[in-house]
């Protein structure tokens, strides 16, 4: 079966499609997170080096991965939007940013919660932590630039450029801080030498990551529906000819 | 199969309970808050568009 | 009339911007004065112990230079945007990124270069001397053009936007982090006797990278701002 993808690139056509997908992603997310929590909190044995504090890994690492993954996806949509001049792509960038920023914030907070008992400090200037902090600033920059520009088209394109520039920045920051830390050897904490994980722990972590991913999809799709409603209300409803269609789309 | 011997041991998390539970609770609250905020945003957007549909009829 | 070549256009833009800057010398003076004042505030806050001042010198001078660059970013495009010259510039039948490079270069001449020239004096205030002072000047010479190039992207993105001064800081400062790390790192390692060559070459790499990418991003941002 050949699916006509271009049909769904119009916000009007995408709206009901997204509405149909949200419950599926939401259900899968709830189930996977439940199993992941069961494994991570109840089944997995303790880590003999770090004690029970290591269990924070089951929210920390998935949140950190999602924060970076969502930024790259957001920049990808921005590139598509800038290249093809597609409205829906920019709506996707707008919908992804808040969820990405939330996961970045969560990665930082849970990282501090993990750092205090294991390294004795809430915060260390390690490459990963610093890049994550800068990532949060970049999310904030992309979102604030959008809200400060009144003209919708310009807001879309300007924040898209901003997101794309940031994608180049994050790896550079990661390596520069790593370099900087080797220079200041005394203060640095080695976190790269992670102990080999037991299979059950890895399973729990991957399940949680998959659950967070599905959660992000559900949340982003429902946000994109809000964005479509807010932006296109007039064209949107006038294009639907019958009351039945209006009811269906809702 | 379950690793813990008692509920209190589970809650104490080997002395790290405060850190572990704060992390999990903050994550859960953020997600719930995000879903609630989205739900309210949707209600507001629908109310507005309902006004527009009515004016079109 | 024949079309002016790319080089003639480029020189025309640079020359015009420099002339305009010379007519408004107080603008140039403000960012330099800002640098001097910020750098002088730190000893007053931290205390006059030479040993302490020497250890914070690299970071303080680099952060002060970075903030001075940030402060001057509003001048890259704003005046031309307001009087419509920028719109005309987009119509010039030459590649826009090259023209942007000319504008940024002129901006660096009047805001970055004074910082570089002034830095040995500020270094002396913090008890730096000899080779370390040389590294400081060299690191700023390589770093400030990078700051101008990166900053021009932010300046173009926020053209004519309300609250643009604070917004540009939020957009640009995260991008300045690597330059700050390598720049201050060069001075620190030269102070430790290791020599700043490694950091300086990384700064050079940042400069090349920004010369390659930033004009394109800035040109795109300008087109978005003016369409």
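The values are calculated or read from the model by the stated rules, or taken from the named source; none is laboratory data. From a predicted model like this one, the values you see are computed outputs, not experimental measurements. Cβ: placed from backbone, ideal geometry, glycine included. Neighbour counts: every protein chain shown.
Residues of the stretch C:182-190 include none that is at pLDDT below 95 and under 12 Å from the mean Cα position of the chain (by Cα). In the stretch C:1-27, the residues that are free of Cβ contacts under 8 Å to residues at least 60 places away in the same chain reach residues that are outside any helix (DSSP H, G or I) and exposed (fewer than 15 other Cβ atoms within 10 Å of the Cβ) with C-beta atoms within less than 8 angstrom, at least six apart or across chains, in these pairs: C:12/C:4.
Just checking, does the stretch B:42-54 include any residue being closer than 23 Å to residue A:103 by Cα and surrounded by fewer than 16 Cβ atoms within 10 Å (Cβ to Cβ)? There is no residue in the stretch B:42-54 that is closer than 23 Å to residue A:103 by Cα and surrounded by fewer than 16 Cβ atoms within 10 Å (Cβ to Cβ).
State which residue is nearest to the other protein chains (Cβ to nearest Cβ) when the search covers only the stretch C:128-158 and only residues that are outside any helix (DSSP H, G or I) and surrounded by 24 or more Cβ atoms within 10 Å (Cβ to Cβ). So the residue we want is C:158. Within the stretch C:187-222, if we keep just the residues that are over 22 Å from residue A:138 (Cα atoms) and at the interface with chain A (Cβ under 10 Å from one of its Cβ atoms), the residue that is surrounded by the most Cβ atoms within 10 Å (Cβ to Cβ) turns out to be C:199. Being within 7 Å of chain A (Cβ to nearest Cβ) and under 21 Å from residue A:217 (Cα atoms) is the filter; apply it to the stretch B:16-32 and report the residue that is nearest to the chain's Cα centre (by Cα). Looking at residues that are within 7 Å of chain A (Cβ to nearest Cβ) and under 21 Å from residue A:217 (Cα atoms), I get B:31. Within the stretch A:102-113, residues that are within 9 Å of chain B (Cβ to nearest Cβ) reach no partner that is outside any helix (DSSP H, G or I) and at pLDDT 95 or above with beta carbons closer than 6 Å at six or more positions or on different chains.
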